[in-house]
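This report refers to the structure that appears directly beneath it.
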Number of protein chains: 2
Amino acid sequence: MTRSLRELFRPSSIALVGATDKSGWSLSAFQNLRDHEFAGKVYLVNPRTEVVHGETAHRSLSGIGEPVDLAFVMVPTTAVLSVLREGAGLGIRNYVVLTAGFGETGPAGKRLEDEIVAFAVEHGLTVLGPNGNGYINAAGRTTPYGLPIPAPLLPGPVGVVLQSGALASSVLSFAQARNVGLSLLTSMGNEAMVSVTDVMSYLVDDPGTRVIALFLESVRHPAEFARVCLRAARAGKPVVALKIGTSALASHTAQAHTGALVGDDRVIDAAFRRFGVLRVHSLEDLIITAGLLASVGRIDGRRLGVVTPSGGASEIIADRAEQEGLELPAFAPDTVARLTGIVPGFATVQNPLDVTGYVVVDRTLLGRALEVVAEDPGIDAVLLLNDLPRVAPADPSVTLQIAGATAERIRRSRVPVVVVSNVLTDITEFGRHVQAQTGFPYVAGGIEHGMTAIGNVVRWSEAVRQVRDVAPAAVVEPPAAGPGEVWAEHRAAGLLAGHGIPVVPAELAAGEAEAVAAAERFGYPVVLKAAADGLGHKSDIGGVRLGLTGPDEVRAAHREVLAALRDRGHPDAATLVQPQRRGGVELLVGVVRDPAWGPAMAIGLGGVWVEALRDTALRLLPVTPDDVRAALAELRGYGLLTGARGAEPADLGRLSEVIARIGELAVELGPRLTALEVNPLLVTGSRVEALDALITWS
Amino acid sequence: MTRSLRELFRPSSIALVGATDKSGWSLSAFQNLRDHEFAGKVYLVNPRTEVVHGETAHRSLSGIGEPVDLAFVMVPTTAVLSVLREGAGLGIRNYVVLTAGFGETGPAGKRLEDEIVAFAVEHGLTVLGPNGNGYINAAGRTTPYGLPIPAPLLPGPVGVVLQSGALASSVLSFAQARNVGLSLLTSMGNEAMVSVTDVMSYLVDDPGTRVIALFLESVRHPAEFARVCLRAARAGKPVVALKIGTSALASHTAQAHTGALVGDDRVIDAAFRRFGVLRVHSLEDLIITAGLLASVGRIDGRRLGVVTPSGGASEIIADRAEQEGLELPAFAPDTVARLTGIVPGFATVQNPLDVTGYVVVDRTLLGRALEVVAEDPGIDAVLLLNDLPRVAPADPSVTLQIAGATAERIRRSRVPVVVVSNVLTDITEFGRHVQAQTGFPYVAGGIEHGMTAIGNVVRWSEAVRQVRDVAPAAVVEPPAAGPGEVWAEHRAAGLLAGHGIPVVPAELAAGEAEAVAAAERFGYPVVLKAAADGLGHKSDIGGVRLGLTGPDEVRAAHREVLAALRDRGHPDAATLVQPQRRGGVELLVGVVRDPAWGPAMAIGLGGVWVEALRDTALRLLPVTPDDVRAALAELRGYGLLTGARGAEPADLGRLSEVIARIGELAVELGPRLTALEVNPLLVTGSRVEALDALITWS
């Protein structure tokens, strides 16, 4: 597909089919090609009008009589296929279909769309759309695009793929306002043939693209998406995504608690994390972060040195740094000594550094301080707060000279220097001029979004080191189980134990005597539970009896639980007797199968925490013990595991191994496993034990 | 002070004292007055130079020989007082002191500053600063301000007060980029004499100011701040604040748990909430929210109708609305019917509404849809997604006509209409022209910040209805207690019970027999605790024994607890016996005295929740039961109180009354009360009982 896309995005001639003065789309496409200086030929095709947009039009594609590389199709819905037929006959291989009325309108439209795709596949055509606005190849000055493109169109390193037509204009305006150049922007439309992942794949291979920015409504091809993201990570090209909306997680997960906890959007988060995709939450952050990634590449550490001309801004930066998990370490003694020699006597030398308003008097102050801070051995990057000038002064030479000196210092810096402006205002024409003339680097727009962008770059730099290919798991023979079957605890626990997961000892008891005998073997107190396949939450029927301290209590509990089971149609059920554990911290480990992304694991603190707080971390499977450890550290109640208030700290290494092993087993059990829940998993120091388990099969 | 400030901010003549070509501040102040067309006279004063900034300078204030209303002082630190002396002699009453080197540099500077204030007070002078940049009275075109002011300076309804010099330029640039006009902007400096609250008070009375925007590093005068905020609320003028930094909460609160929970920044949150101040977290939100408040005033409800030309944008808006707690209710049937007649057949009529890219063909589409949605009876406001044009087309008349028609529809709307742009780019000169020509309203910049602003306006509209004057509490006679004394539970509980707060029954026991007798009266199981003044956490010394089921256990517990107390130097201590409660939900209610804001109450879920999760809500005292109820609803574990997973729901009315009563008592106990903690407060249905209490006195 990448070779086809190279053709699609680099035509030497374009025919606008269905061109008419009456259509804003037609006019925009025509003007875009003219105003942004498309080097090839443009033909207008209209069967009924001789002159369109002031040019002579052709009656049909056939009437052009010269080779056409790309047809930009704006004809009525029902006429699109015949345009493709005509074009295919003429050897035209590439099509952008702006026309709407296809799959997005319902089954009838979908049939038309399918016909088009079938025809295209059969004849080796490439079709972008339908129902998209086209694309903008900024580097190639090729703009078959049906909405106005604001001038100037800035070519550059960011490739943009949008599952939205209307937002493209906003992205273009905003990128221009940030002086962020684009390599390619595509408005995908219905993705009938060319998909988001196809274009991403093209951009991974495109030497002109350093960062891929996505606006996504849905991920239509999860497996392909995963593959191309891993390829991007290996190529060192960040993928930044604004993913909106929520789709329903299949309701078959309702049986286990976990189902309620795994919001679909959190699965997306988990998937993006796994594949190294940086998720942003606004259009502004999409472009500002992509621009910064294209400019500085990686930032390998969280320690930031901050140089500003403002105390107020320094404090905003300090607040935001904390929110982004960035550190502002104290400067090294040598740095402090050198800065003391530079800043005015009334300034305080600290990180963040405020060189003070004295910059008004000495305009070199900020640059000299930057040079010193950039050499501090204890930082991984410098944040330089420095607005670009908005309006050209009468004599711009001093401004250019100062900017040039700063740019030179930034180029020479050992660590990345991120320039951030105070507020998010447009980079003006003069600002762009200063950047072009002096090599002054990218300016992240405003402290608010700039700090988000720095946090994002740091997170991506960490994530991309951890992205890994995941070998498909060897599926073990799934145990015999009927469809939709829910396994009783002892069967589930047996399966876990058979695969190396520690479970609490337990004995099945058919009668009171057996129950008492088991209890005596374990020693009191014991737990007695209902044991019957097909039961979900045992506690809902009073089927969990805790803290039984003697034979009489065991006998009574056994009787009552069996009676409750009989009432629910389990005449031959038994009970399960276990020693009662005390102390420790309860966790929940649940696996559900997401229809798009496969098995996902929720890890949380058990009991009331899960119920009331939804304090869980979610990961796609498989997970390594290190992944689990990071997930545990995300929990709000993490302190309970590390010994808050004198509790025994959990052996996190052992705990993470056990949880990772549960995930491994869930993967090995293959797609028939609908849900697996260990709740609670009890950890007491280095003892980790599953106290209860539930498995559901499809 | 307000009368003095009216003089300070409206001078007819200004002397720039210490004017020199060598100073950027001097040049800026001079150019600002000239370029922004100050109508009065400007005098330059320099003892050693005849011509400054191309104008004839005066040797001294005395040398001017004409009346001067305001002296803008830029002389060296040690010369400032003599300028004031000279000015006072000449009858000059108003001073802006730009000069730094005063209180901000240390004790020596502070002494100089104090001298200036003393002299000013003695001679009836008004001094803004020192160490500020001056002010900008945009409406009055009076700009004694020491940094460049970007043109055009837009007058308008937002008054800005900044505890930062350098950020003023950013605020000005950003306000201009948003087409938000300012009434007054002041850069406060050291607030030696004129304080933030003084200027706020002036702005409350200023008819040209509709919204007050603050950048705060610290609230220097909490009581005054509270008073002026309440006055602003009564006047219907919103106060929006970006408050940064954290200051240390006095460590004397360490005794009670609550101390660790009451972060200083959360006290600020609680104070702002109490006084109706809207807190924002970026400079962008400060201006965007202030602009929207100035434009739409109140929005009395959370139900939003959304009209856009873009599906992608609609989905971003839906996501953001949920985050802001806004609702997008389904349209009424009549609205749906009317919209179906307007939008293209392939559009889906729903809220948020995407009228589709067909707006390219029919530019009236968005406005007509807006008119219908605005009449829907089920919404409180409309969000119209509509970018202002950036560049003037060849013939701007159509653009102006469309904008004018939309503006007219917005004026006629029953509910407020908030216009939001897709992304945060500058409003260009042409955009401003369109707004000026057509009355097109304020445009909140970008979906991201626009949704924050709408959420803010809704929250402010709710908060301002609840802002109330708080009558000073009648202080009850504080019980006799030595300084720093920590009361034993039974004394604290006695005090609570004596003031109408339900506490669990308890009996003091000096000996084993008494303890057993008490236990028998209550019935087993019982709790036995250490009872000795000066003890903090009893459990740290094993001083809390739960679930004692018989006389032997009680005797043993009594012996052991007394022994532990003796070991800690409490030879004459006793134990406290209480019935053991089961079930219910434990809460923590703690009061600490914040040095700035007075008594504040933390309400949280007790036990491990407080320890590990810091799940508390904080309120300044006093609180009403309604305040408490809102605070409870903020807790992450709120579901535990409302009957999550089949638990008995708490009687929230009764619970809120008891908690409010605890707050009332804490206030009545007066400033000697350092901390009061009820932990746990047990709620089981409608039974609410303090199970333990701790009081610390200063």
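Restricting the search to strands (runs of 3 or more DSSP E) fully inside region B:504-597 and requiring at least 3 residues that are out of contact with any Gly (no Cβ under 6 Å at 6 or more places or on another chain) and surrounded by 22 or more Cβ atoms within 10 Å (Cβ to Cβ) gives B:526-531, B:574-579, B:585-594. Counting only residues that are open to solvent by 10 Å² or more (accessible area, probe 1.4 Å) and part of a strand (DSSP E or B), region B:409-457 holds 1 of them. Entry remark, region B:492-502: residues being open to solvent by 10 Å² or more (accessible area, probe 1.4 Å) and either of a type in the set (D, E, K, R) or modelled with pLDDT under 95 (or both) number 7 in total. Of everything in region A:152-199 that is at the interface with chain B (Cβ under 8 Å from one of its Cβ atoms) and assigned to a loop (DSSP other than H, G, I, E, B), the residue that is nearest to A:F225 (Cα to Cα) is A:Q163.
B:G54 meets each of the listed conditions (1) within 21 Å of B:G129 (Cβ to Cβ); (2) exposed (fewer than 13 other Cβ atoms within 10 Å of the Cβ) apart from (1). In the condition set (1) more than 14 Å from chain B (Cβ to nearest Cβ); (2) out of contact with any helix residue (DSSP H, G or I) (no Cβ under 6 Å at 6 or more places or on another chain), A:G129 is compliant with all but (1). Only one of the numbered conditions (1) modelled with pLDDT of 95 or more; (2) within 14 Å of another protein chain (Cβ to nearest Cβ); (3) open to solvent by 10 Å² or more (accessible area, probe 1.4 Å) is violated by B:G134, and that is (3). Among the residues making up region A:646-666, those that are touching a strand residue (DSSP E or B) at 6+ places or on another chain (Cβ under 7 Å) and open to solvent by 30 Å² or more (accessible area, probe 1.4 Å) are A:E648, A:R654.
For region B:24-43, the set of residues classified as over 15 Å from B:A71 (Cα atoms), within 14 Å of chain A (Cβ to nearest Cβ), in contact (Cβ under 8 Å) with a residue 60 or more places away in the chain and open to solvent by 50 Å² or more (accessible area, probe 1.4 Å) consists of B:Q31, B:D35, listed by residue number.
Of the residues B:R636, B:R654, which single one is basic (K, R), within 14 Å of chain A (Cβ to nearest Cβ) and not in a strand (DSSP E or B)?
B:R636
Total residues in region B:76-102 satisfying the condition of being crowded, with 21+ Cβ neighbours inside 10 Å and farther than 17 Å from B:Y135 by Cα: the figure is 6. Within region A:275-315, which residues are facing chain B (nearest Cβ under 10 Å), open to solvent by 10 Å² or more (accessible area, probe 1.4 Å), over 24 Å from A:V228 (Cα atoms) and out of contact with any helix residue (DSSP H, G or I) (no Cβ under 7 Å at 6 or more places or on another chain)? A:G311, A:E315, listed by residue number. Number of residues in region A:358-395 that are modelled with pLDDT of 95 or more and either outside the structural domain of A:Q437 (by TED's automatic domain parsing) or surrounded by fewer than 16 Cβ atoms within 10 Å (Cβ to Cβ) (or both) equals 2. State yes or no: is B:G181 modelled with pLDDT of 95 or more, touching a Pro at 6+ places or on another chain (Cβ under 6 Å) and under 24 Å from B:A100 (Cβ atoms)? So B:G181 does not fit the description; no. Go through region A:322-346 and report how many residues are part of a helix (DSSP H, G or I) and open to solvent by 60 Å² or more (accessible area, probe 1.4 Å). Here the count works out to 7. If a residue must be within 28 Å of the chain's Cα centre (by Cα), outside any strand (DSSP E or B) and at pLDDT 90 or above, how many such residues does region A:670-686 contain? Summing the residues that are within 28 Å of the chain's Cα centre (by Cα), outside any strand (DSSP E or B) and at pLDDT 90 or above in region A:670-686 gives 0. Selection within region B:216-241: residues that are part of a strand (DSSP E or B) and at pLDDT 95 or above. The member of this set that is surrounded by the fewest Cβ atoms within 10 Å (Cβ to Cβ) is B:A241.
Of everything in region A:336-364, what is of a type in the set (A, V, I, L, M, F, W, C) and within 12 Å of chain B (Cβ to nearest Cβ)? Give them in sequence order. Hits for region A:336-364 are A:F346, A:A347, A:V355, A:V359, A:V360, A:V361.
The values are calculated or read from the model by the stated rules, or taken from the named source; none is laboratory data. Everything numeric in this text was worked out from a predicted model, so none of it was measured. Every residue, glycine among them, receives a Cβ derived from its backbone with ideal geometry; neighbour counts consider all protein chains shown. These area figures cover heavy atoms from the full protein model, side chains too; ligands, DNA and RNA do not enter into them. Shrake-Rupley method; radii C 1.70, N 1.55, O 1.52, S 1.80 Å.
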